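Okay, so here's the structure we're looking at.
The values are calculated or read from the model by the stated rules, or taken from the named source; none is laboratory data. A quick note: this is a predicted structure, and the numbers were derived from the prediction, not measured. We place every Cβ from the backbone using ideal geometry, glycine too, and count neighbours over all the protein chains shown.
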Amino acid sequence: MSNPIVYGPSYSTYVRTARLALEEKGVAYDLKEVDMMKGDCQKPDYLARQPFAKVPAFQQNGFGLYETAAIARYIDEAFPGPKLQPADAKKRARMAQIVSIVDSYGYGCFIGKVVWQRVVVPMQGGKPDETVIKDALPQAEKTVAALEALADDQGPYLCGSEISLADLHLGPVIAYFSGTPEGEKLMAGAPKLSRWWKAFSARPSVARTEPKFG
């Protein structure tokens with residue numbers, strides 16, 4: 001049986017989520033770099049895997065899949081290793097809720113606006129658009145507050161004592177967002193999220209999936 005393949009750039013938060021799931025399960029895999037910045041997602045061979053030109057795409061022995069939440073869930077259910085979805089129905093629902101919040105409300109303001117302006121634009125030789133950042137902050141503040149309210153009171157992970165897909169979904173986003181002045185400030189005011197981030201970021205899987213640029 002050949003290794004599963006993750007298609008996408010290592011710097012993508014969603015690609016990192018899929019890789020984290022594989023790392024946590026102890027599954028050997030191959031990463032095929034697809035550089036979004038260079039337009040690789042628009043090439044016919046990639047569009048055949050992901051018609052919406054997003055990352056990641058996933059393949060295992062002829063079985064193709066896209067959409068990160070679906071990929072992560074498949075990895076958990078198809079491979080042996082530690083379970084990444086809580087057995088308890090309430091905790092599993094909370095996990096799904098957090099994943100949805102990240103996708104629906106968090107990613108756009110955290111990554112698409114704040115991180116993009118603070119990190120990506122300067123890398124490309126430009127200056128951050130402070131208006132874009134300012135406009136993103138109310139949504140960012142609301143999202144951090146919602147995640148803080150939902151995070152497990154005891155922890156150390158978002159849904160309790162065991163790591164779950166919720167952690168793997170949020171972690172790569174916070175890794176970037178917390179490195180901006182805005183993210184650092186919001187995280188400082190969220191004690192449960194700060195405790196979670198300290199525990200999560202220390203996991204070996206996080207070190208092994210560190211993004212690479214250039």
What pairs come up if the first residue lies in the range 131-159 and is under 13 Å from Q97 (Cα atoms) and buried (at least 17 other Cβ atoms within 10 Å of the Cβ), the second is of a type in the set (F, W, Y) and modelled with pLDDT of 95 or more, and their beta carbons are under 8 Å apart, counting only those six or more places apart or on different chains? T143/Y105; T143/F110; A151/W196; L158/W196
I need a count of the residues in the range 164-206 that are more than 14 Å from the chain's Cα centre (by Cα) and either of a type outside the set (A, V, I, L, M) or under 15 Å from T17 (Cα atoms) (or both). 16
Qualifying position, being out of contact with any Leu (no Cβ under 6 Å at 6 or more places or on another chain), surrounded by fewer than 18 Cβ atoms within 10 Å (Cβ to Cβ) and at pLDDT 95 or above, among K192, K198, K212: K198
Report whether or not P204 is surrounded by fewer than 14 Cβ atoms within 10 Å (Cβ to Cβ), of a type outside the set (D, E, K, R) and more than 22 Å from V121 (Cα to Cα). yes
Limited to the range 82-95, what total is found for residues that are buried (at least 16 other Cβ atoms within 10 Å of the Cβ) and part of a helix (DSSP H, G or I)? 4
Just to be sure before I move on: is I174 assigned to a loop (DSSP other than H, G, I, E, B), within 15 Å of I98 (Cα to Cα) and out of contact with any Lys or Arg (no Cβ under 6 Å at 6 or more places or on another chain) in the structure I sent? no
Long-range neighbours under 7 Å by Cβ, at least six apart or interchain, first residue in the same structural domain as V119 (by TED's automatic domain parsing) within the range 173-201, second charged (D, E, K, R): S178/E184; T180/R118; L186/E141; A190/E148; K192/E148; L193/E148; F200/D167
Hey, A199 hits all of (1) assigned to a helix (DSSP H, G or I); (2) farther than 23 Å from E24 by Cα but one; which does it fall short on? (2)
Those residues of the range 96-110 which are surrounded by fewer than 20 Cβ atoms within 10 Å (Cβ to Cβ) and more than 28 Å from E130 (Cα to Cα) amount to A96, Q97
Which count do you get for residues in the range 127-164 that are out of contact with any strand residue (DSSP E or B) (no Cβ under 9 Å at 6 or more places or on another chain) and closer than 19 Å to F110 by Cα? 25
Exception for K127 within (1) assigned to a helix (DSSP H, G or I); (2) among the basic types (K, R); (3) within 23 Å of E182 (Cα to Cα) falls at (1)
Just to check your reading of the model, which residue among V132, V173 is at pLDDT 95 or above and farther than 18 Å from Y14 by Cβ? V132
